[in-house]
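To start, the structure itself, in structure tokens.
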Amino acid sequence: MTAPLLSAAGVAFGYGGVFRLDGVGFELGAGELLGVIGPNASGKTTLIRLLSKVLVPQAGEIRLGGTPLTRLARRQLARQVAVVPQELAVAFPLTVEELTLMGRFPHGEGRFFESAGDLARAREAMLLAGVLDLAAQPLDTLSGGERQRAALARALAQEPRVLLLDEPTSHLDLRHQREIVGLLRRLNRDRGTAIVLVSHDLNLAGEVADRLMLLSCGRIAHLGPPAEVLEEGLLEAAYGCPVRVEKNPVSGRPVVTIRWPDPA
């Protein structure tokens with residue numbers, strides 16, 4: 001039996017006793033997209049930090065291809081796992097191309113300068129992320145959406161087996177949301193890239209994910225197909241507000257709307 005590409009078992013993490021992510025477990029195979037949803041402070045970003053070894057679990061274990069993350073050096077992990085954070089924080093006035101080439105660093109052990117192959121991979125990544133025409137632009141001159149796509153280009157340049165996305169469409173307009181979703185589907189299908197997608201957009205997550213993980217108060221409230229997780233009772237218990245769930249007439253996927261308060 002083939003081991004899952006990424007797995008977690010009994011994972012727990014606390015911030016000084018104020019908040020705790022507890023008992024989290026799942027398995028993710030190659031070419032699968034797992035959507036992670038839940039209210040604010042439910043543990044979504046903490047989970048991304050644990051899966052990328054920015055944080056180390058206080059209990060439980062995370063494995064990549066059957067190997068515990070604790071046994072992998074940072075460079076080894078970065079060759080296989082890439083992260084697109086909510087906000088791109090850059091301390092230096094880099095251009096989009098320079099940022100993208102940073103994604104090649106894990107593959108350049110013993111080299112001080114990028115190779116022709118690195119430049120080709122970076123160009124391909126920028127093209128896929130839709131920022132090739134911005135290659136020479138400094139990051140501090142870009143819009144929020146352009147910076148988000150530049151961060152995605154850096155992640156793609158790593159050629160990861162696992163892609164961790166924290167609110168990747170939060171700054172994007174409708175056209176670029178559509179393009180990014182198309183790209184994620186191609187990565188799944190053509191490259192077998194496993195993707196963990198954290199999103200506040202329940203309808204986006206429900207449309208693109210193979211499975212959804214609903215986090216509530218630091219625990220998994222439900223893990224399963226979108227039609228099971230995007231259920232009125234589960235969502236109302238997790239988010240504390242009334243919702244309506246219907247079916248998308250085209251895709252058949254669930255569509256969530258808020259039951260707004262009566263203005264009267």
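A few points about this structure:
- Of all residues in segment 6-22, those satisfying the criterion of being more than 10 Å from residue 61 (Cα to Cα) and in contact with a Gly (Cβ under 6 Å, 6 or more places away or on another chain) are 20, 21, 22.
- Filtering 187, 197, 235, 230 for residues that are free of Cβ contacts under 8 Å to residues at least 40 places away in the same chain, buried (at least 17 other Cβ atoms within 10 Å of the Cβ) and within 24 Å of residue 127 (Cα to Cα) leaves a single hit, 187.
- Within the set 71, 75, 63, the sole residue that is farther than 28 Å from residue 170 by Cβ, exposed (fewer than 14 other Cβ atoms within 10 Å of the Cβ) and in contact with a helix residue (DSSP H, G or I) (Cβ under 9 Å, 6 or more places away or on another chain) turns out to be 75.
- Of all residues in segment 88-115, those satisfying the criterion of being in contact with a helix residue (DSSP H, G or I) (Cβ under 8 Å, 6 or more places away or on another chain), aliphatic (A, V, I, L, M) and part of a loop (DSSP other than H, G, I, E, B) are 88, 90, 94.
- Only one of 133, 118 that is surrounded by 17 or more Cβ atoms within 10 Å (Cβ to Cβ), free of Cβ contacts under 8 Å to residues at least 40 places away in the same chain and not in a loop (DSSP other than H, G, I, E, B): 118
- Members of segment 212-227 that are within 16 Å of residue 34 (Cβ to Cβ) and surrounded by fewer than 17 Cβ atoms within 10 Å (Cβ to Cβ): 224, 225, 227
None of the figures in this text is laboratory data; all of them are computed from the coordinates on show. If you're wondering where the values come from, they're calculated on a predicted model, not measured in any experiment. Here the Cβ is made from the backbone with ideal geometry for all residues, glycine too, and neighbour counts use every protein chain on show.
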